[in-house]
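Nothing in this text is a laboratory measurement; each read-out follows from the coordinates by a stated rule. A quick note: this is a predicted structure, and the numbers were derived from the prediction, not measured. Neighbour counts run over all protein chains shown; Cβ positions are idealised from the backbone, glycine included.
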Amino acid sequence: MKKIALFRNVNGSPELVDRFDTMKEASDCVASIVEGEDDVTVFDFTTEEQEYTDIIERVKSYADACDVLSVPQLDEKAMLSAGFRPDEIARRKLETITAALNEGWKPDWNDTNECKYYPWFYITPGKGKDPDGNASNGAPAGLSAADTLSAASNTSTSFGSRLCFHDRRTALYAGNTFTDLYAAILVEKF
């Protein structure tokens, strides 16, 4: 599918703002940015028509995220033997997945008007497994993505900045697709 990619010149290099279905949508975005910022003009932006496959279609696994970013996969055996805990490895995997799904977007923590999203989970007691893989009647619990929250409007969060997303749709996708990795960092295993 073809999309209109909108780029903003930042310190001499183009940074992707977003992709749009029409040139009008891209123009409206430029107009809103120019209206809100004093030192920006329409000449700071360029567009390019590109063939585009939605990132959600391209990132179905940790390996896919590594491919998108052109980075090697973690050597989990080496990390475990070096003393990394499974939750630390899972967090690093989620950081890679989040970076791939965000396609270069990074949160601006100085901009309190910029929404930043992260998955919100329901924990279901008794749905987990004990260390031997048997069903458990208590923690660890089952984990399911239920919603997303915008970090800009919520003063407390259990996710760090490396695990937030630029939109609600992507946060929901990550929470529903990579639930096992989120469970590894959120739910203590006994």
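Tell me, rounded to the nearest percent, the portion of alpha carbon pairs in the stretch 40-119 spaced more than 18 Å apart. Intermediate values should be presented prior to the final figure.
Working: 1867 of 3160 pairs.
Here the long-distance tail beyond 18 Å is 59 percent of all Cα pairs in the stretch 40-119.
What is the packing order of peptides 170-183, 73-86, taking the mean over residues of other C-beta atoms within 10 Å and listing the highest first?
Numbers: 170-183: 20.2, 73-86: 11.6.
Result, highest mean first: 170-183, 73-86.
Computed about its Cα centre, the charge dipole of the stretch 2-51 is approximately 200 debye, with only Lys, Arg, Asp and Glu carrying charge at their Cβ. Taking other residues whose beta carbon is less than 14 angstrom from the beta carbon of Thr177, and scoring Lys, Arg as +1 and Asp, Glu as -1, yields 0.
How much net charge surrounds Ala26 when only the other residues with a Cβ under 11 Å from the Cβ of Ala26 are counted, with Lys and Arg +1 and Asp and Glu -1?
Numbers: positive: Lys3, Arg19, Lys24; negative: Asp18, Asp21, Glu25, Asp28, Glu48, Glu49.
After counting each charged neighbour, the total is -3.
Just add up the charged neighbours of Trp105: K/R +1, D/E -1, any other residue whose Cβ is under 15 Å from the Cβ of Trp105.
Working: positive: Arg8, Arg19, Lys106, Lys116, Arg162, Arg168, Arg169; negative: Glu15, Asp18, Asp54, Glu95, Glu103, Asp108, Asp111, Glu114, Asp167.
With Lys, Arg at +1 and Asp, Glu at -1, the neighbours total -2.
When only alpha carbons are used to place a centre, the stretch 20-76 and the stretch 92-114 end up 12 Å from one another.
Full extension of the chain between Ala78 and Asp111 yields a length gain of 8.0 nm, computed as 0.36 nm times the residue separation minus the alpha carbon distance. The GluC sites (Glu not before Pro) of the stretch 1-52 that DSSP puts in a loop, and whose beta carbon has at most 16 other beta carbons within 10 Å, are Glu37. Between the residues Leu80, Pro14, Val30, the greatest Cα displacement towards the positive end of the dipole of the stretch 1-80, with unit charges on the Cβ of Lys, Arg, Asp and Glu, is found for Leu80.
Applying both filters, DSSP loop and at most 14 other Cβ atoms within 10 Å, to the trypsin sites (Lys or Arg not before Pro) of the stretch 1-64 gives Lys60. A simple spin-label model places the labels of Val34 and Thr124 5.2 nm from each other, with each point 7 Å out along Cα-to-Cβ.
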